[in-house]
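The values are calculated or read from the model by the stated rules, or taken from the named source; none is laboratory data. The structure presented is a predicted model; accordingly, all values stated were derived computationally and were not measured. Note that we place each Cβ from the backbone using ideal geometry, even for glycine, and neighbour counts take in every protein chain shown. Ligands, DNA and RNA are stripped out before the accessible areas are found, and what is left, the full protein with its side chains, is counted by its heavy atoms. Shrake-Rupley method; radii C 1.70, N 1.55, O 1.52, S 1.80 Å.
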Amino acid sequence: MNDKGTTHFGYEQVETGEKAKRVREVFDSVATKYDLMNDLMSLGIHRLWKRYAVELAGLRPGHKVLDLASGTGDLAARYSGLVGPEGLVTMTDINAAMLDQGRARMADRGLIGNVEYVQVNAEAIPFEDGRFDCVTIGFGLRNVTDKQKALDEMFRVLRPGGRALILEFSHPRSAPLKWAYDTYSFNLLPLIGKLVTKDEDSYRYLAESIRMHPDQETLRGMMEQSGFERCDYHNLTGGVVAVHRGYKL
Amino acid sequence: MSISDLTHAGLEQAINHHISMDQNARAQMAQLHGRVIALEVLGTGRTVYLVPGPEMIQLLSSYEGEPDCLLQGSPLTITQLRHPVPEGEDPVPTDMRVSGESELAQQFCRILRGVEINWEAYLSQYTGSLIAGEVSKAIDFAGYWRDHIIDTLNRDLREYMQEEGAVLPTRHEIDAFGNGVLQLEQRLRQLQQRIERLTGIEGESR
């Protein structure tokens, strides 16, 4: 977002208020085939990335977790197992269609009792200060219009001692990997999107939005600006994805 | 992401695959939701944390809290978890050390013994495939040897009771005795029919 009231939507510049609407349209379009597309896009590696992020969350029985941009609930399902019957997972998404998909999938898997569902905009989290032991957002921050505001909100709802995790596509560290990744995501990815969801544009947006997302060091700086301490990040698959972690001390 | 993470992911998937096909195991695993079991592979410095849930079990390579129970065993001991045990028998392998909640350890080991897991592949990450393969062969040989010993003992005991102690009849004697009883029963039935027929003829002539 910039001072002129415009922001990026992929490589396009759009009015600030326009981005949320455009992002919603993208996810409305892909919601029903979101899991399949994730598998195709990442060759199934997204499961390993999520698994790794969950380990870094350090969850224990009884913890309260807020999962922003839950999508179909891959992370939330793991959290539900780790926090036990006394814990609580608040599964959220700004997009009602995605949240519906996620809720249906969690129920199908028998995950009930310690999960609640709330439609939430990460820039204005409707919970009181210090409510959660852990706040996470997986593959969602790059779609948020005002990322700094979302990080501020994540910090606010964390209890002192709690931690935030951001799992997101990032910037590959080596030039050959970057070339291979660019070739794949700008040529093959939209083609897969066209074949599977009949929606080439949405997947082109996904590729562009990844390139427009802050790199590892910039995001760490933004977390520190929001008040997080002991911030670090872990590059996965050569930096294609990174997990950022910060604490509220 | 290390090789160990990939190994844990593979093992987790294998366990969950088997549990998903066994409703009983899935229900038992769900009952342990919220408990944490640490499994330390002695001699490797590796510990894996197993967290059962309603849908699946999760394997973590680190855990920041205190596990509810700790199981410690050598690779050889852990490989024994692939053999089911009869009801009423302790499912925790003899050489495995348990600290914390022993009942939880028993419940958990019983579930694991009901699931077909390739522990050899898992342990090979820590011991090397050669050693893991040898461990597995040793376990298989021990199983074969145990069955062989039980069978031999069975035969020796039978021979002593039948031939030397003459306490029990041999199979041949039992078969001969059984045949004799059958023949006797058949002849008695024929005699009874003759008596009934003769009694009937005598009644008609009067």
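In this structure, does B:THR44 turn out to be in contact (Cβ under 8 Å) with a residue 12 or more places away in the chain, hydroxyl-bearing (Ser, Thr, Tyr) and surrounded by 21 or more Cβ atoms within 10 Å (Cβ to Cβ)?
Working: in contact (Cβ under 8 Å) with a residue 12 or more places away in the chain: yes; hydroxyl-bearing (Ser, Thr, Tyr): yes; surrounded by 21 or more Cβ atoms within 10 Å (Cβ to Cβ): no.
So B:THR44 fails the test.
Kindly indicate which of A:GLY84, A:GLY138, A:GLY130 is closer than 30 Å to B:ILE37 by Cβ, open to solvent by less than 40 Å² (accessible area, probe 1.4 Å) and either at pLDDT 95 or above or within 14 Å of chain B (Cβ to nearest Cβ) (or both). Spell out how you get there, then give the answer.
On the way: A:GLY138 fails: either at pLDDT 95 or above or within 14 Å of chain B (Cβ to nearest Cβ) (or both); A:GLY130 fails: closer than 30 Å to B:ILE37 by Cβ.
On inspection, the qualifying residue turns out to be A:GLY84.
Tally the residues that are β-branched (Val, Ile, Thr) and either within 11 Å of chain B (Cβ to nearest Cβ) or free of Cβ contacts under 8 Å to residues at least 60 places away in the same chain (or both), restricting the search to region A:65-81. Walk me through how you get there before you give the answer.
Initially, region A:65-81 is screened for residues β-branched (Val, Ile, Thr), giving A:65, A:72.
Within this subset, residues satisfying the condition of being either within 11 Å of chain B (Cβ to nearest Cβ) or free of Cβ contacts under 8 Å to residues at least 60 places away in the same chain (or both) are A:72.
The qualifying residues number 1.
Do any helices (runs of 4 or more DSSP H) entirely within region A:145-249 hold 1 or more residues that are of a type in the set (Lys, Arg) and either within 20 Å of the chain's Cα centre (by Cα) or within 30 Å of A:GLY130 (Cα to Cα) (or both), and if so, which?
Values: elements: A:147-157, A:175-183, A:189-197, A:200-212, A:216-226.
Per the criteria, A:147-157, A:200-212, A:216-226.
Could you list all residues from region A:65-75 that are modelled with pLDDT of 95 or more and either assigned to a loop (DSSP other than H, G, I, E, B) or more than 11 Å from the chain's Cα centre (by Cα) (or both)?
A:VAL65, A:LEU66 - these are the residues of region A:65-75 that are modelled with pLDDT of 95 or more and either assigned to a loop (DSSP other than H, G, I, E, B) or more than 11 Å from the chain's Cα centre (by Cα) (or both).
State all residues of region B:29-76 that are at pLDDT below 90 and more than 14 Å from chain A (Cβ to nearest Cβ); if no residue qualifies, say none.
B:VAL41, B:LEU42, B:GLY43, B:THR44, B:GLY45, B:ARG46, B:GLY73, B:SER74, B:PRO75, B:LEU76
I'd like to know if region A:42-64 contains one or more residues that are modelled with pLDDT under 85, more than 10 Å from chain B (Cβ to nearest Cβ) and crowded, with 19+ Cβ neighbours inside 10 Å.
No - not one qualifying residue is present in region A:42-64.
Does region A:9-26 include one or more residues that are at pLDDT below 70, farther than 22 Å from A:THR237 by Cα and in a loop (DSSP other than H, G, I, E, B)?
yes
Do we find a residue being out of contact with any Phe, Trp or Tyr (no Cβ under 8 Å at 6 or more places or on another chain), open to solvent by less than 50 Å² (accessible area, probe 1.4 Å) and on the phi > 0 side of the Ramachandran plot anywhere in region A:226-248?
yes
Does A:ASP146 fit the bill of being farther than 30 Å from B:GLY10 by Cα and touching a Ser or Thr at 6+ places or on another chain (Cβ under 7 Å)?
Working: farther than 30 Å from B:GLY10 by Cα: yes; touching a Ser or Thr at 6+ places or on another chain (Cβ under 7 Å): no.
No.
Kindly indicate which of A:PRO214, A:PRO160, A:PRO176 is open to solvent by 20 Å² or more (accessible area, probe 1.4 Å) and at pLDDT 95 or above. Before the answer, list the steps.
Values: A:PRO214 fails: at pLDDT 95 or above; A:PRO176 fails: at pLDDT 95 or above.
Answer to the check: A:PRO160.
Just the residues that are in a loop (DSSP other than H, G, I, E, B) and free of Cβ contacts under 8 Å to residues at least 12 places away in the same chain, please, taken from region A:108-144.
Within region A:108-144, A:GLY110, A:ILE112, A:PRO126 qualify.
Is it the case that some residue within region A:155-169 is of a type in the set (Asp, Glu) and farther than 26 Å from A:VAL65 by Cα? So that I can check it myself, show each step before the final result.
First pass over region A:155-169, keeping only residues of a type in the set (Asp, Glu): A:168.
So of that shortlist, the ones also farther than 26 Å from A:VAL65 by Cα come out as none.
The answer is no; no qualifying residue exists.
State whether the residues of region A:91-107 include one that is within 14 Å of another protein chain (Cβ to nearest Cβ) and not in a helix (DSSP H, G or I).
Taking every residue of region A:91-107 in turn, none turns out to be within 14 Å of another protein chain (Cβ to nearest Cβ) and not in a helix (DSSP H, G or I).
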